[in-house]
1. Against the condition crowded, with 19+ Cβ neighbours inside 10 Å and farther than 30 Å from GLN167 by Cα, how does VAL17 come out, does it pass?
2. In the set LEU115, LEU46, which member is part of a helix (DSSP H, G or I), modelled with pLDDT under 85, open to solvent by less than 60 Å² (accessible area, probe 1.4 Å) and over 24 Å from VAL155 (Cβ atoms)?
3. Given (1) at pLDDT 65 or above; (2) over 19 Å from ARG248 (Cβ atoms); (3) over 24 Å from the mean Cα position of the chain (by Cα), identify the lone condition not met by ASN382.
4. Can you name the residue in segment 247-260 that is small (Gly, Ala, Ser) and at pLDDT 85 or above and, of all such residues, is most open to solvent (accessible area, probe 1.4 Å)?
5. Of the residues LEU144, LEU128, LEU150, only one is farther than 19 Å from LEU55 by Cα, open to solvent by less than 90 Å² (accessible area, probe 1.4 Å) and at pLDDT 85 or above; which?
6. On the given criteria, is GLN21 in contact with a Pro (Cβ under 9 Å, 6 or more places away or on another chain), assigned to a helix (DSSP H, G or I) and at pLDDT below 85?
7. Considering only segment 261-270, how many residues are open to solvent by 20 Å² or more (accessible area, probe 1.4 Å) and either at pLDDT 85 or above or among the polar types (S, T, N, Q) (or both)?
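The values are calculated or read from the model by the stated rules, or taken from the named source; none is laboratory data. Being a predicted model, the structure only gives us computed values, none of them experimental. All Cβ positions, glycine included, derive from the backbone under ideal geometry; neighbour counts span all protein chains shown. For the accessible areas, the whole protein counts, side chains as well, though only heavy atoms, and no ligand, DNA or RNA atoms are used. Shrake-Rupley method; radii C 1.70, N 1.55, O 1.52, S 1.80 Å.
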Amino acid sequence: MQRRFRGPPTAVIVIAVAMVQVVGTVFASARQPDHRPLDALAFALLLLGPAALSLRRRAPLVMLPAAAAAVAAYLALGYAWGPVFLSLALAIVFSAAAGKRWQTWAVAGACGAALVTVSFSRGDEAGLLRAFAGTAWLAILVLLGEGARLRSERVAERRRQREAREQAARDEYRLTLARDIHDVVAHSLSLINVRASVALHLGEKDPEQFRPALEAIKSASKDSLAEIRQLLGVLRDDAPLSPAPPRRLSRIPELADNARRAGLEVTLSLPDPDVAAQLPDAVQEAAYRIVQEALTNVVRHAGARQAAVVLAVEAAGTAPSTGAGLLTVTIDDDGAGAAGVPDGNGVTGMRERAAALGGTLELAPLDPGWRVRAVIPLPDANTPASSRTRVGRP
């Protein structure tokens, strides 16, 4: 993370203020012969104020009283006027910027009262005007510090919000990877397990079943290993800037073929290829993963013999509240169903994928069988890209 600029180093401020106060006061004293000549004590007080500024981050509560005491002692001893007030002015600004509001106003008020009191005691009208002007400048210095504090707080709040958004994006990305890995592993291992079981069961009676079973196992394991490498690759230090291309609707027939190799009769209905190709990548990825997980559950748990996969795009205008339309994904089977069975990680993942795009997922019993139906709204083409739901690498 880029380091925030916090102004010049404290040592630079201390040295610069010390040089200005000492050199400036030497020249000012030469033009004020009626004041006490500068001596070792005067130079010590001139350096004490800048030295107090070195505490602006470590001990801001000590900085302002120390600077004020140095200036008050210098003036009380009758030394010449000059830039001795510079360290006090900066101490007031730094103290207010550090949030020491009550102390800053108290010291500034005390300094202003002292100026006015001295001017009244001397009976000098011009001095009285200068005292009121000095008091006004003290208030201005406090307000400058308050403004710097408010700006710093706003910058810190924006930084916190940005970090929170980045963390949320990273969490969402990790969740997406976890869902993808679960879908890939569960789907491929289920097919491998089913085909291996078929081969073992029929191998002795029909040895010709061995070869297609092994080919199906080889194909499923090869595809799943390649996809898992792509998914896990983005977690490495040498990961590409973006993950593998998202799965599209055009690859859903591969899922149906894999399920058929596992002994499930699958019928498939897809939208027109031209219409499907125009759907957003995030929508196509979600639909693909929902079909993948649903077919995996049918093969592993349902004991079904048939399944029907239907994807349809509902055009805009048929449902006014849906913007550009809807994509519906329906998977029906004639198996035992899942009534009374708590949702597992797969079903939770399907729900999260649909919800991430503003859609819903419903599970319903059939007679016989079970239905999984996802409804995903399609974004309007006029919607700015920044306001659309996007799942990807942060």
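1. On the way: crowded, with 19+ Cβ neighbours inside 10 Å: yes; farther than 30 Å from GLN167 by Cα: yes.
Considered against the rule, which asks whether it is crowded, with 19+ Cβ neighbours inside 10 Å and farther than 30 Å from GLN167 by Cα, VAL17 comes out as yes.
2. The conditions single out LEU115.
3. Of the numbered conditions (1) at pLDDT 65 or above; (2) over 19 Å from ARG248 (Cβ atoms); (3) over 24 Å from the mean Cα position of the chain (by Cα), the odd one out for ASN382 is (1).
4. SER250
5. Details: LEU144 fails: open to solvent by less than 90 Å² (accessible area, probe 1.4 Å); LEU128 fails: at pLDDT 85 or above.
Going through LEU144, LEU128, LEU150 in turn, the sole match is LEU150.
6. Values: in contact with a Pro (Cβ under 9 Å, 6 or more places away or on another chain): yes; assigned to a helix (DSSP H, G or I): yes; at pLDDT below 85: no.
In short, no.
7. Taking segment 261-270 as the starting set, the residues that turn out to be open to solvent by 20 Å² or more (accessible area, probe 1.4 Å) are 261, 263, 265, 267-270.
Narrowing further to those that are either at pLDDT 85 or above or among the polar types (S, T, N, Q) (or both): 265, 267-270.
The number of residues fulfilling the criteria is 5.
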